[in-house]
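Read-outs: derived from the displayed coordinates by stated rules, not from any lab. Small disclaimer: the values here were computed from a predicted structure and weren't measured. Ideal geometry is used to build each Cβ from the backbone, glycine not excepted, and the neighbour counts take in all protein chains shown.
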Amino acid sequence: MNRWIFIVGIILVVWPAHAQSNQGTLRFVNAEGPTALHAEVHWGNLTIVGYDGTDVVLEALHTAEGGMPQPASPLADYVFVEEAANAISLTGRTPQGFESIDLVIRVPAETNIHLRIKRGGEIRVGSMNALVEIDHRNGSVVLEDLGGHALVKAVNGSIAASFRGITPDKAMSFVTLNGEVALSFPDDLEADVWLRTTRNGHVFSAFTLPGVRYPYAQEAAKGTDKEPYGSAPIAIRAPVNGGGPLIVAATENGPIRLEHHP
Amino acid sequence: MTCHDAEPYLLEYEGGTLTEGAAYAHIASCPTCQNAAKALHETQALLQHHVLQKPDASLRQAFYTMLAEEKEKMSAPKEAWVLGWWKDHKRWWLGVAFASVFLIGYGTALWFPGELGPSPDVLVLLASPSPADRLAGVYASWEAPNEPGTTAVLLDLLASESNVNVQVAALEVLQAYELDEATTASVLQYLSPEADPVMQAALLRFITQHRPASSATHLNAVLATPSLEPLIRQEAERVLNTLSI
């Protein structure tokens, strides 16, 4: 018995790069931290949390049709893991029936991340300082406490992004087919904003948009009780605090809001 | 009386012909002048023993040859001082020439960006591995006049771009341009049932603006898709009705 414990122990010690437990958790140990992370599922939620470290820690939950979320175990049956050139790729398996796979990932805050949900779910990202690139089909996108820049595309779902700071000289774009785009930035934001809503929307900006005659921005800034939703397209291009990198916010159906970061 | 004042009298003093006066008194009591007088005396002695050398037989001929060459130079047309300076500073001239060509080319691209397509700065952005930089490059192209070079670059980007945000931006810029039928038709190919719905929406706006000839065919193909997003279906039907008017 002691001999077998010794052999298993040796195997676990020499297993390269990561050790796999049976709790649906995977840890990538990397002295430098990855430069990029790609995570993709068909159905399910993607939650990314940035932290000050070098390891990537993955936790996967599987929800079978009509069931409750359970640790995805063994992990390799649910998530395909690939690591190459200091970039990590995590891909949820093709659904078997109506199932979902949730990925919760702790990643170094300076990692560029690319997230994709092919069918539906929710994407939440917090405390990241590099590029956040999102390709989402159905569901909301919530980005909090960002310090970098983002390119977000959603089909059916709102986009909410809050920045404590932005990467200078990096353009950003937040585009959805159906849903609100709500962005918040520090008071001293310097950017060129391009805001477009095609229908059923309005534009509210807590930032002064010089030269903008669009009434809804002014009305909403006055704190009116009811925010008017117009049926006609609204397109605004204006500098904020003198101008700077480009920020595009566009929705085919819904309002656009620019707020001050709390 | 200083050493400088007494210097002309050193030879006389050494020769023994200077026996009185202020110069004599100074030299006689000044160690510096004494040494100088001694050195003069030694030099004179060497000169007295110097043997005059006879010139070589070829010296005369060499002299007359040099004289003839000088005469020829003086009678030949004077080359421009620039040419002479060029011969002496060839590397400097080549460096100036290369720098001038580069600056003229770069300046032309900046001053007339549209005639050559996007400016070099924009091209760098469009070729960047960062999708954020490519996005900035696309919208920067909007500032360039509607020139074939810029349009071609944006069409290439549409074909190769993987990020939908950047693709939509390229369509938005192309929509604002005046385009020929061939170009609008090439953009129309991206309207397919498989295209991303956000791209489909941008393409519908493009069709509304430019009305490419084969729009109806593409719109009908898209409308035949059962899984088409409801908003896209609604908009595609509206555009089709508009085209038929």
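Of the listed peptides A:78-84, A:36-42, A:249-255, what is their order by residue-averaged count of other C-beta atoms within 10 Å, with the highest listed first? Present the calculation step by step, with values, prior to reporting the outcome.
Details: A:78-84: 14.9, A:36-42: 20.6, A:249-255: 23.9.
Order by mean packing, descending: A:249-255, A:36-42, A:78-84.
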Which value in nm describes the separation of the simple spin-label points at A:Ser73 and A:Glu259, placed 7 Å from the Cα toward the beta carbon?
4.0 nm
So for the range B:6-45, using the alpha carbon gyration tensor with a ≥ b ≥ c as root eigenvalues (a/c under 1.5 gives rounded; past that, a/b versus b/c decides prolate or oblate), I'd call it oblate
Determine the shielding of peptide A:150-158 by partner chains: average, over its residues, the number of Cβ atoms on other chains within 10 angstrom of each Cβ.
4
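Give me the inter-chain shielding for A:174-186: mean count of other chain Cβ atoms within 10 Å, whole number please.
Working: counts 1, 7, 2, 8, 4, 0, 0, 0, 0, 0, 0, 0, 0.
Whole-number average of other-chain Cβ neighbours for A:174-186 is 2.
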Quickly work out the A:Phe80-to-B:Arg233 label distance, labels modelled 7 Å from Cα along the C-beta direction, and quote it in nm with one decimal.
3.2 nm
Sites A:Asp52 and B:Ala127 - FRET efficiency at Förster radius 41 Å, r taken between beta-carbons, to 0.05
0.80
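Taking a ≥ b ≥ c as the square roots of the eigenvalues of the Cα gyration tensor of the range B:160-245, is the shape rounded (a/c under 1.5), prolate (a/b larger than b/c) or oblate? Let's see the in-between values first.
Working: a/c = 1.72, a/b = 1.11, b/c = 1.55.
Since a/c reaches 1.5 but b/c is at least a/b, the shape of the range B:160-245 is classed as oblate.
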Whole-Hz Karplus couplings 3J(HN,Hα) for the range A:85-92, θ = phi - 60° and coefficients 6.51, -1.76, 1.60, Gly and Pro as x, run 6, 6, 10, 10, 10, 10, 10, x
Using 7 Å Cα-to-Cβ label points, what is the B:Ala185/A:Arg213 separation (nm, one decimal)?
4.1 nm
Under the Karplus curve 6.51 cos²θ - 1.76 cosθ + 1.60, θ = phi - 60°, whole-Hz ³J(HN,Hα) for the range B:26-31, x wherever Gly or Pro sits:
5, 4, 5, 10, 10, x
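Let me know the mean shielding of B:134-143 by other chains, meaning the per-residue number of their Cβ atoms within 10 Å of its Cβ. Walk me through the intermediate numbers first.
On the way: counts 2, 9, 7, 1, 3, 6, 2, 0, 0, 0.
Going residue by residue through B:134-143 and averaging, the value is 3.
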